[in-house]
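The block underneath contains the structure these notes are about, expressed in structure tokens.
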Amino acid sequence: MADRSMVSQRSILGCLKQPFHPRLPCLARGIAIAALFVCIADWPTWAAAPQDPDSQSHVEPDLVFDEQPYKIKVLVSFSTDTQITKRLRGDVLRRFRSHATTFVGEAWQLETRDVSGILAASHPEALDSLKSDRLDAIASDCDKVFVMGVRYEGDRFMLAAREHDVFFRRWGPVFTGSAREPTQIARELVILASQMFSPLARLVSGDTKRVTIIIKGGKLPTLRPGGSEQQSRYPPSFQFVRGGTLFRPMRQEIDDEGELVAIKPLPWTFYSVERREDSTADCRIISALRGSLPPHAPDPNEPELIAARSAGGTTKLQLVDRDNHVPIPAIDVEIRETADGPAIPLGTSDPDGRIVIPQNKQGGGVVWAIARQGRYSLAVLPILPGAGEEPSVGVQANSLRLDIEGRVVAVQEQIVDQVARRTIMIGAKLPSGDLQGGLIKKALDKKDWKFAADLLKQLKLSPTKDVMTAKLDKVKEVLEAVMPRDKWPPSAKKMFSETETIIELYFDENEFLDIVDGFEDDIKNGAEEAGVTVDVGPPAAPTTAAAAASTTPSPQKIP
């Protein structure tokens, strides 16, 4: 039936295309007309009948996630410059498809369109201001939209491009380039497209440190490791998911009524590709969050992650109060360009709580921004500069913590000052235990017994271990008045412990008394031999904690 239907269909079309010959006998013409009407009458029957597979329009079979190509609409907006002619516009679109086929191959299924006069996007600023709703009618049946702009400026063609991911309704950053010759425009646009193209992925398995993901189209040559070295329909030149590629897990934002508001990246979280095997990749998690896994999408064809792309440049970060969301100015920010690298001071947040995070100078990639308040680290955030603005960071700026820190630091500064004074008078202690230098020893060497006695009296009056311990205890009392000891933050406990260790190390009372007694005997004996009367003051004795506390001013009440 199918074959007969096709014959009938071809016969009809042949009849419709062939004019009646004037010499055709009337009977033959009558038969032909009758056959035509019979075929037309039988139209529903053969039209509904199964068609020859070769004659059917191509219908794509259902492909698994890692075999699916990306359906991409390329919208190119040309400026009205006289150098950009209608012929040039058509040539750019044609060459773009040709270069993409050569460089990318089967991973992209492209549909190109000239949108000049419909979408004003030839300038980077215009691209940067685009909103998703401008593309709703165009992007309903594709995975991504590449919006590109071409304009003429000076002596060259200026290019700009931006990717819109349809599923996540997410815009990437604006990429820019240039071409000196008209024939170079399409190739440079394809290069920009390769730089901004963000592959999608799903989570296979993972924990708090590592995950395994499967990449959409990962079995296609351009997205498969070593794909360009294997025999394929096209020899692709781009590899889009190399080692070090960063993916961002996405999560839905639901309003109070349970409606989906947006799908946004999990803040300050990246999955860094470390190893590829076919369409899967093992990744290391870089995150400032404890829960860094995306919600599971039940549909096996729905992506959960998107590759993060940076166009260079910087990213703005805003610090706000965690409770009332008010911007926090004057917060110190440092950056590390590697996870264990040195912290480099960057500056302080402005009156709006914002600070600009620069590019990683060691080849791009993630930087770690460290927000500090005094000695305390408020947040450590991994950021990819140039990939878009991160959400505001809610931090807890603690006035009590700052007050306690300031008091402890003051005690530490007094310790350093007293240790320095003692060293100047006594001298530095050698590994052998002997003292080298020191004003008292110099006075003894010069036989200046009175000056040595005056220095010794000053040394006896210097604060002792008990004095310093009492000062630190007063700070503890301030904190204990508002917070029980078992609730003290670890940072406060650490500062107290470090200070106690310093006091124990540099204020050894027995050692101090031995040194004082030795100097006192040397001064008395030398002065007696010289027939000089000296006053070395009362014997040195450890200062009690009560006496030390009485010399420490009471702390002000914390508001």
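Filter the strands (runs of 3 or more DSSP E) completely within segment 253-358 down to those with at least 2 residues that are closer than 28 Å to residue 161 by Cβ and within 20 Å of the chain's Cα centre (by Cα).
Details: elements: 260-265, 269-277, 280-287, 305-307, 315-321, 332-336, 344-348, 354-357.
Counting at least 2 such residues, we get 260-265, 269-277, 280-287, 305-307, 315-321, 354-357.
Among the listed residues 455, 472, which satisfies the condition of being among the hydrophobic types (A, V, I, L, M, F, W, C) and either modelled with pLDDT under 85 or over 27 Å from residue 408 (Cβ atoms) (or both)?
On the way: 472 fails: either modelled with pLDDT under 85 or over 27 Å from residue 408 (Cβ atoms) (or both).
Answer to the check: 455.
Please name all residue pairs, on different chains or six or more residues apart, with Cβ atoms under 7 Å, provided the first residue is in segment 462-481 and is assigned to a helix (DSSP H, G or I) and the second residue is among the aromatic types (Phe, Trp, Tyr).
Close Cβ pairs satisfying both conditions: 465/507; 468/507; 472/496; 476/496; 479/488.
Residues checked against (1) touching a Cys at 6+ places or on another chain (Cβ under 9 Å); (2) within 17 Å of residue 94 (Cα to Cα); (3) of a type in the set (Phe, Trp, Tyr); (4) assigned to a strand (DSSP E or B):
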{"position": "145", "(1), (2), (3), (4)": "no, no, no, yes"}
{"position": "148", "(1), (2), (3), (4)": "no, yes, no, yes"}
{"position": "157", "(1), (2), (3), (4)": "no, no, yes, yes"}
{"position": "163", "(1), (2), (3), (4)": "no, no, no, yes"}
{"position": "168", "(1), (2), (3), (4)": "no, no, yes, no"}
{"position": "178", "(1), (2), (3), (4)": "no, no, no, yes"}
{"position": "184", "(1), (2), (3), (4)": "no, yes, no, no"}
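Checking the condition of a type outside the set (A, V, I, L, M, F, W, C), crowded, with 19+ Cβ neighbours inside 10 Å, touching a residue at least 12 places away in the same chain (Cβ under 8 Å) and touching a helix residue (DSSP H, G or I) at 6+ places or on another chain (Cβ under 9 Å), which residue from 66, 91, 143 passes? Walk me through it before giving the result.
On the way: 91 fails: crowded, with 19+ Cβ neighbours inside 10 Å; 143 fails: touching a helix residue (DSSP H, G or I) at 6+ places or on another chain (Cβ under 9 Å).
Unique residue meeting the criteria: 66.
Condition test on residue 98, is it in a helix (DSSP H, G or I), assigned by TED's automatic domain parsing to the domain that holds residue 69, out of contact with any Cys (no Cβ under 9 Å at 6 or more places or on another chain) and in contact (Cβ under 8 Å) with a residue 24 or more places away in the chain? Steps first, please.
Numbers: in a helix (DSSP H, G or I): yes; assigned by TED's automatic domain parsing to the domain that holds residue 69: yes; out of contact with any Cys (no Cβ under 9 Å at 6 or more places or on another chain): yes; in contact (Cβ under 8 Å) with a residue 24 or more places away in the chain: yes.
Considered against the rule, which asks whether it is in a helix (DSSP H, G or I), assigned by TED's automatic domain parsing to the domain that holds residue 69, out of contact with any Cys (no Cβ under 9 Å at 6 or more places or on another chain) and in contact (Cβ under 8 Å) with a residue 24 or more places away in the chain, residue 98 comes out as yes.
Consider segment 374-394. How many of its residues are surrounded by fewer than 18 Cβ atoms within 10 Å (Cβ to Cβ) and part of a strand (DSSP E or B)?
Selection size over segment 374-394: 4.
Regarding residue 442, is this residue under 19 Å from residue 527 (Cβ atoms), modelled with pLDDT of 85 or more and either part of a loop (DSSP other than H, G, I, E, B) or in contact with a strand residue (DSSP E or B) (Cβ under 9 Å, 6 or more places away or on another chain) (or both)?
Details: under 19 Å from residue 527 (Cβ atoms): yes; modelled with pLDDT of 85 or more: yes; either part of a loop (DSSP other than H, G, I, E, B) or in contact with a strand residue (DSSP E or B) (Cβ under 9 Å, 6 or more places away or on another chain) (or both): no.
No: the conditions fail for residue 442.
The values are calculated or read from the model by the stated rules, or taken from the named source; none is laboratory data. Here the structure is a predicted model, which is why all the values come from computation and not from measurement. Cβ atoms come from the backbone with ideal geometry, glycine included; neighbour counts cover every protein chain shown.
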